[in-house]
Amino acid sequence: MPRLHLDHNATTPLRPEARAVFLRELDRLGGNPSSVHASGRAARVVLDLAREQTAAALGVHEDEIVFTSGGTESIHLAVLGCLRAAPSGLGLVTTQVEHSAGLGAAELAEAAGRPVVRMGVDAAGRLELDELRRRHAGDLALVSIQTANNEVGTVHPVPRIVELLRARPDRPLFHTDAVQALGRVPLRLGESGVDLASFSAHKLGGPLGVGILYRRKGVRLAPLFQGGGQEAGLRPGTENVPAIAAAACAVELAVAETTPQAASWRALTAELWHQLHLRIPDVRLNGPAIDADDRLPNTLNVSLPSTDACSSRASTSKDSRSAPAPHARADRSNLRTFCSRWAARATTRARVCGSRSVERRVEKMSTTRWRSCRESGTTRAKRASSTTLAPST
Ligand SMILES: Cc1ncc(COP(=O)(O)O)c(C=O)c1O
């Protein structure tokens, strides 16, 4: 039976265009982009072009782009780098539902003596924004809130957050973890008023191990490492030029395709939800309503009846983020089985009914985003076995 990769919130397949760029530069380049000799200069040209391409796709200036090793590092550089550059005593406001990278950065900030407030969310994963007006008047350096939640798919209202922060007398900087948002919802970074934003290439068809940090011009950051002064001194360490070039290609394509892709994912997600609901009437949808504007178009998170583990994965409380218990793993594996069965039935139904629109949609599902993995072998089997409906990322 063909396997469906439904876990694009964990990682996406490499785009063929990004793969071609990666292999081309891997074969062609041999230099260190900081070297002054010819091979170094050749690598520098490719790195500069990748920075320009990324900046253009995001609508910002190339000096505002810092390449890192991934979303996690970008978030740490934004949060800890900002706090280290700020006067001591100024704190951080973040949320209880950040990705573990954001939660971890907040813990490190707290361990370093910074006051940290973690805002809660309601049952749909929405923030009580008025808290931003009330909390910590006069003593904040940074507010860090994800653009979109990786578990239940709630999209937070970044323009409203920026507006609220601008009205505060202490005018804290604003960082957003936009790892799940880029390529899935339109982002107008340059005009957004956001000071810092984190991205990860492997969430949008780029290679693993490349992160992007947007740092608005003039925002002060202290580097987390000391070293060779790369990335304007903010992220020392020799850049992985072929992977960065591939990441830039993926970012450009993902941004250009966001609107049509989002519409198609939204239809597929709604179809999957309706199919689940048809077969399991008391299945529960977590996060905003299926057709709500503030739901990621590609993300579906459900609780199945009598499966505590599924409900707890979807819970937004801090405790639910810890490692799943063995019984939880068993329930998630049932969910995987169900999901593959659903996919198989959907294909059959499409054929039996001869419904061209369903057939086209199922076809699309298995050939594009929710790609059919027809591979075999241990590594691939392992990858496929990690497929979950509610991505654990
Ligand atoms: C919202 C969010 N932030 C950060 C990360 C971490 O990104 P990376 O895997 O590139 O370190 C992830 C990855 O799952 C994520 O979903």
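Looking at K217, K203, just one residue is in contact (Cβ under 8 Å) with a residue 12 or more places away in the chain and more than 16 Å from the ligand (Cβ to nearest atom), and that residue is K217.
Scanning the range 56-89 for residues being in contact with an Asp or Glu (Cβ under 6 Å, 6 or more places away or on another chain) and either farther than 22 Å from V255 by Cα or within 10 Å of the ligand (Cβ to nearest atom) (or both) gives a total of 1. Sub-7 Å Cβ pairs linking a first residue in the range 34-46 that is surrounded by 12 or more Cβ atoms within 10 Å (Cβ to Cβ) to a second residue that is modelled with pLDDT of 95 or more and part of a helix (DSSP H, G or I), at least 6 apart or interchain, are S34/G40; A43/V241; V46/E25; V46/V241; V46/A245, ordered by first then second residue.
The condition (being assigned to a helix (DSSP H, G or I), in contact with a helix residue (DSSP H, G or I) (Cβ under 7 Å, 6 or more places away or on another chain) and within 11 Å of the ligand (Cβ to nearest atom)) is satisfied by just one residue among A109, A105: A105. Flag: E271 does not match the condition of being surrounded by 19 or more Cβ atoms within 10 Å (Cβ to Cβ) and among the acidic types (D, E). Screening A250 on (1) among the aliphatic types (A, V, I, L, M); (2) within 16 Å of the ligand (Cβ to nearest atom); (3) assigned to a loop (DSSP other than H, G, I, E, B) shows it passes everything except condition (3). When T238 is tested against the conditions (1) assigned to a helix (DSSP H, G or I); (2) out of contact with any helix residue (DSSP H, G or I) (no Cβ under 7 Å at 6 or more places or on another chain), the lone failure is (1). The test for being within 16 Å of the ligand (Cβ to nearest atom), under 17 Å from I212 (Cβ atoms), within 17 Å of the chain's Cα centre (by Cα) and assigned by TED's automatic domain parsing to the domain that holds I212 holds for V179.
The values are calculated or read from the model by the stated rules, or taken from the named source; none is laboratory data. Bear in mind the structure is a predicted one, so any value in this text is a computation, not a measurement. Cβ: placed from backbone, ideal geometry, glycine included. Neighbour counts: every protein chain shown.
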